[in-house]
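The values are calculated or read from the model by the stated rules, or taken from the named source; none is laboratory data. Here the structure is a predicted model, which is why all the values come from computation and not from measurement. In this analysis, Cβ positions are derived from the backbone assuming ideal geometry, glycine residues included, and neighbour counts consider all displayed protein chains. All accessible areas refer to the heavy atoms of the entire protein, side chains included, with ligands and DNA or RNA removed. Shrake-Rupley method; radii C 1.70, N 1.55, O 1.52, S 1.80 Å.
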Amino acid sequence: MDSGAPEENRAPPIEVRGLTMRYGPLVIMEDLNFQVRRGEILVIMGGSGSGKSTLLKHLIGLKAPAEGSILFEGQDFHQADARTRKGILRRMGVLYQNGALWSGLTLAENVALPLEEYTELDARSIGEVVSLKLSLVGLRGFEAFYPSEISGGMRKRAALARATALDPEVLFFDEPSSGLDPISASRLDDLILQLRDSFGTTIVVVSHDLESIFKIADRALFLDIKEKTMTAMGTPQALRESPPSDEVRRFMTRTSEAGPDARLEAGPETGLQVGPEPGSSLDSSASHDMKTPRRRKEP
């Protein structure tokens, strides 16, 4: 997605124009229009069933728009040819609600998968990158562990290491704090901020967790399930102090998530993937219990 053009002339990393999302005849959201700025953290928020995760699926190419378009650096993903789409996916990282790590591979082997799939690096170079990425998420020394041998928070961090293996320009997170205790969730928020601050990564997060939203978001947009469109966009602080509607006010000021158990809401775990899994299209249904697709050759 890096066009090489001067910064002021470059198209935004992501632009959504007149997007309508539909499941058959059922309209989920319509007339969505927004841009994601380079190097910002944008949070997509809204109540349950408002279409947050559905919007994320559209943004990462899993679902085609019923109407409208989604542009990456000015390129319409769904109108592009296969080579262009692969190039766009190559520059993305996606973290689903659970780790979606291959259960039969060690953490090191999981992180190595996108490097083996998309680069020409030799085994030694791949090993060096893997060690670096695991160190950056606080998992140095856990290279030989399997996903079942570590905690849920550690699995998400390992999945984050895999998503950043190819140094993506844009990262997507679907409910990153779901299923985590407050300390693990806060640590993951810190890692998200570190990615933005250290590498200038553009980040889009789906979340209903107010504590996380106020901590990490530069801007947030609100999907209104009653209006079936987005009704607010701004900083979390501005939306709380001057909400444009009762729905936004209720969402931004609710107290049910203020306590220490706020982040313990149950939810399916999923995890982070970079582009499509080897030998398949990009698949949001990946889970921690997936069978091993292949193992790296022993030296």
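Selection of segment 93-109 for residues being in contact with a helix residue (DSSP H, G or I) (Cβ under 7 Å, 6 or more places away or on another chain), farther than 13 Å from Leu166 by Cα and surrounded by 17 or more Cβ atoms within 10 Å (Cβ to Cβ) yields Leu95, Gly99, Ala100, Leu101, Trp102, Leu107, Ala108. If you check Arg124, Arg162, Arg90 for being crowded, with 24+ Cβ neighbours inside 10 Å, charged (D, E, K, R) and out of contact with any Pro (no Cβ under 6 Å at 6 or more places or on another chain), only one passes: Arg162. Considering Glu73, Glu116, the condition of being surrounded by fewer than 17 Cβ atoms within 10 Å (Cβ to Cβ) and of a type in the set (D, E, K, R) is satisfied by Glu116 alone.
The residues of segment 195-226 that are without any contact (Cβ under 8 Å) to a residue 12 or more places away in the chain and not hydroxyl-bearing (Ser, Thr, Tyr) amount to a single one, Asp197.
Specify which of the listed residues (Phe214, Phe222) is of a type in the set (Phe, Trp, Tyr), within 24 Å of Leu95 (Cα to Cα) and assigned to a helix (DSSP H, G or I).
None of the other options fit; the residue is Phe214.
Is there a residue in segment 27-44 that is assigned to a helix (DSSP H, G or I), in contact with a Gly (Cβ under 9 Å, 6 or more places away or on another chain) and of a type in the set (Val, Ile, Thr)? The answer is no; no qualifying residue exists. Considering only residues in segment 232-246 that are over 22 Å from the mean Cα position of the chain (by Cα) and of a type outside the set (Gly, Ala, Ser), the one that is farthest from Leu195 (Cα to Cα) turns out to be Asp246. The listed residues are Val36, Val16, Val27, Val43, and the only one of them that is open to solvent by 20 Å² or more (accessible area, probe 1.4 Å) and β-branched (Val, Ile, Thr) turns out to be Val27.
Only one of these is open to solvent by 40 Å² or more (accessible area, probe 1.4 Å) and in a helix (DSSP H, G or I): Ser148, Ser184. Name it.
Ser148
For segment 187-205, check the following and say yes or no: at least one residue is hydroxyl-bearing (Ser, Thr, Tyr) and more than 29 Å from Leu121 (Cα to Cα). Among the residues of segment 187-205, not one is hydroxyl-bearing (Ser, Thr, Tyr) and more than 29 Å from Leu121 (Cα to Cα), which makes the answer no.
Condition first: in a helix (DSSP H, G or I) and more than 23 Å from Ile60 (Cβ to Cβ). Can you find one or more residues in segment 83-106 that meet it? The answer is no, given that none of the residues of segment 83-106 is in a helix (DSSP H, G or I) and more than 23 Å from Ile60 (Cβ to Cβ).
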